[in-house]
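Working notes for the structure below.
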Amino acid sequence: MELGFIGLGAMGEPMARNLIKAGHTVRVYNRTRSRAEALATQGAAVAETPQAACAGGIVATMLSDDAALEGVVFGEHGVLAGLPRGGVHIAHSTISVNLSRRLTDAHQQRGQLFIAAPVFGRPEAAQAARLVVVAAGAAEAMERCRPVLEAVGRKLFVVGADAPAANTVKLSGNFLIASMLEALGESFALLRKSGVDPAAFLEIVGAFFQSPVYDNYGRIVAEQRYDPAGFKLRLGLKDLRLMIAAAEEAGAPLPIASLVRDNLVSGIAQGLGDLDWSAVARVAALKAGLKT
């Protein structure tokens, strides 16, 4: 298939690379042009604008936040102007439910289609095409784009025709991860103050949790290996705020999310914003009087 890919950061670049490996014809755009040019050696064409990346009728975006995606879609020479009637925009970013609704409506008004398809996984999973993709959107768009969605991950879940549903699933999943990181941080602080090796504890809980998320993040926290960041703490705060906003709109309180948000704010105040978001565990350690 022919498609465009916009946003070549730590997640977007390997996703675009895997689309090329899968045999798709990919036209890439990135604000920092050198990132797009690096993929040209792999067979990608370089687009001069987001609008130009839409020439094939399908475009995927992987951008850091609502503001970045809004700029690419609604801005001059943007996605809305570039997609033809019947064209499809696939948004892989973790964005607000409200923006997902706006994008659905804006594309519909132009005779275009929108799929929300956020992903679970860190950059190493993106590189190995092992992401979990959660998608929602019109059935006709989903079937047309299924080869694209399946090329970037190991599992595709379609959760309905209403695009914001996929964003709600993604935010809920990130809420579980954030809650786990907070719990790991508090547990490991207790263990360290009690003279117990966190690595030994991690092996024990691994015997009954049986979760790659606990295993991977648990090892990062146990080893205090927060740099380089797979997902920056400041972006984790962005996601917590989106979760809380979605919960308020739905009338579903998330008291644990509010607690984790406050600890992420504390982490940023202590200069941890560019570390991995699992460094929220360092906030728990500092509160416990531990040296890190």
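Just so you know, all these numbers are worked out from the coordinates, no wet-lab data involved. No experiment lies behind these values; they were computed from the predicted model shown. Note that we place each Cβ from the backbone using ideal geometry, even for glycine, and neighbour counts take in every protein chain shown.
Filtering region 11-33 to residues that are of a type outside the set (A, V, I, L, M), under 12 Å from Met62 (Cβ atoms) and in contact with a Phe, Trp or Tyr (Cβ under 8 Å, 6 or more places away or on another chain) leaves Gly12, Tyr29.
For region 172-214, a residue qualifies if it is loosely packed, with under 15 Cβ neighbours inside 10 Å and acidic (Asp, Glu), and the qualifying residues are Asp197, Glu203. The set of residues from region 106-132 being within 14 Å of Gly12 (Cβ to Cβ) and among the hydrophobic types (A, V, I, L, M, F, W, C) comprises Ala117, Val119, Ala125, Ala126, Ala129, Leu131.
Do you know which residues across region 19-34 are assigned to a loop (DSSP other than H, G, I, E, B) and either of a type in the set (S, T, N, Q) or in contact with a Gly (Cβ under 6 Å, 6 or more places away or on another chain) (or both)? Asn30, Thr32 - these are the residues of region 19-34 that are assigned to a loop (DSSP other than H, G, I, E, B) and either of a type in the set (S, T, N, Q) or in contact with a Gly (Cβ under 6 Å, 6 or more places away or on another chain) (or both).
Quick test of your reading of the structure: Ala135 fulfils all but one of (1) surrounded by fewer than 21 Cβ atoms within 10 Å (Cβ to Cβ); (2) outside any helix (DSSP H, G or I); (3) in contact (Cβ under 8 Å) with a residue 12 or more places away in the chain. Name the failing condition by number. Going through the list (1) surrounded by fewer than 21 Cβ atoms within 10 Å (Cβ to Cβ); (2) outside any helix (DSSP H, G or I); (3) in contact (Cβ under 8 Å) with a residue 12 or more places away in the chain, Ala135 breaks only (1). State whether one or more residues within region 257-273 are assigned to a helix (DSSP H, G or I) and charged (D, E, K, R). Yes, some residue in region 257-273 is assigned to a helix (DSSP H, G or I) and charged (D, E, K, R).
In region 184-227, the qualifying residues are those that are within 20 Å of Gly267 (Cβ to Cβ) and assigned to a loop (DSSP other than H, G, I, E, B), and the one that is farthest from the chain's Cα centre (by Cα) is Gln224.
Just so you know, in region 235-256 the residues that are among the small types (Gly, Ala, Ser) and either closer than 12 Å to Ala178 by Cα or in a helix (DSSP H, G or I) (or both) include one that is farthest from the chain's Cα centre (by Cα), and it is Ala250.
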